[in-house]
1. First obtain the Kirkwood hydrodynamic radius of region 280-359 from its Cα pairs, then insert it into the Stokes-Einstein equation at 20 °C and 1.002 mPa s, and state the resulting D in µm² per second as a whole number.
2. Note down the relative contact order for the chain as a percent, whole number, built from C-alpha pairs under 8 angstrom at least six residues apart.
3. Give the Cα extents of region 222-339 along the principal axes, in whole Å, largest first.
4. Run lengths n ≥ 4 of DSSP H only: what is the helix-derived mean residue ellipticity at 222 nm for the chain, with -39500 (n - 2.57) per run over all residues, to the nearest 500?
5. Which order do the peptides 230-241, 157-168 take when ranked by the mean count of other beta-carbon atoms within 10 Å per residue, highest first?
6. Over the chain, what is the percentage of antiparallel beta bridges among all DSSP beta bridges, to the nearest 5?
7. Out of every Cα pair in region 120-262, what percent are spaced more than 27 Å from each other?
8. How are the Cα pair distances of region 201-246 distributed, in percent, across 5 Å bins from 0?
Ligand code: GGG
């Protein structure tokens, strides 16, 4: 029996999450076998929007019960959330956001690269030219419950939505982004705000960024408004390195970045972590994609790559690197799903990556 046993909660969620999570598990298991550790999976297959439609909660017994259960695990391996018929905000606020908050997973780290064998929409870019790291604040900002509705359903209907930016929350995400930027070859951090239009929270973010950057004289910095940053990211993605942004802006940038680098979000992984804590949540950037669910064509690479991020976070660096190498090899060999111009099915891609990891 291997001495290291990782206890992982697998939550496939909705739609294509049910197809991609088994491929991620297959590959993580292949890496565990090769590198001499064991992964003990517990499957929470009924934490779904379907369950919400039947019972009024995604997690049987409610999300507070779910959080108590998850405390027993080293990490959470999630697929996707959201399904037609259940309001979109329910799928986030009845599962994903409470987990991020309960475990203090304040950093959502989302890399985006142009990988071998993947057509980058910018024709002149070679694999390796684009290497972006989006660092998204994950527990406050624009994703807030503060606000409400007045005169709902009448012609005077009003919706009020407050954003919350705390000095503790802003400082820790900016400081963590600086640490990540410092560890990368380009040592370059860009901060995204919109401080000409949003006059309280965003100038505050800029102020904290300018204060904290004095601690990191070795890191080159830039500050952009989000609108022009999006435009530059499309035309000159290779110019950027690490980008730090608020919850909403980081979410948008982390869909845009893989679309620019790899033609879509199917390959994009993410980690939701507190760098000082062991338990994290690892999920692909994509959602549940009801339009393609059940056809066996979903791209499992974002999920598999999230498995590599999970293993790296849990100290299994060699296994994580082997998964990254296997993904690069399989894509370079042309084994890829239709979104990347290939003809392989979800499980054929998963099998090929698992086989490459094992050898
Ligand atoms: N793979 C996770 C997922 O289903 N994401 C859908 C989504 O809209 N997430 C929003 C968020 O990450 O805040």
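We did not get these values from a lab; they are worked out from the coordinates using the rules stated. Please read these numbers as outputs of a predicted model, since none were measured by experiment. Cβ sites come from the backbone with ideal geometry, for glycine too, and all protein chains shown count toward neighbours.
1. Once the numbers are plugged in, D ends up at 165 µm²/s.
2. 24 percent
3. Here the spans come out as 38, 37, 28 Å, largest first.
4. -12000 deg cm²/dmol, from helical runs alone.
5. Highest mean packing first, the order is 230-241, 157-168.
6. Beta bridges within the chain, antiparallel portion: roughly 40 percent.
7. In whole percent, the share of Cα-Cα pairs in region 120-262 beyond 27 Å is 27.
8. So the P(r) values, bin by bin, are 5, 17, 29, 23, 17, 9, 0.
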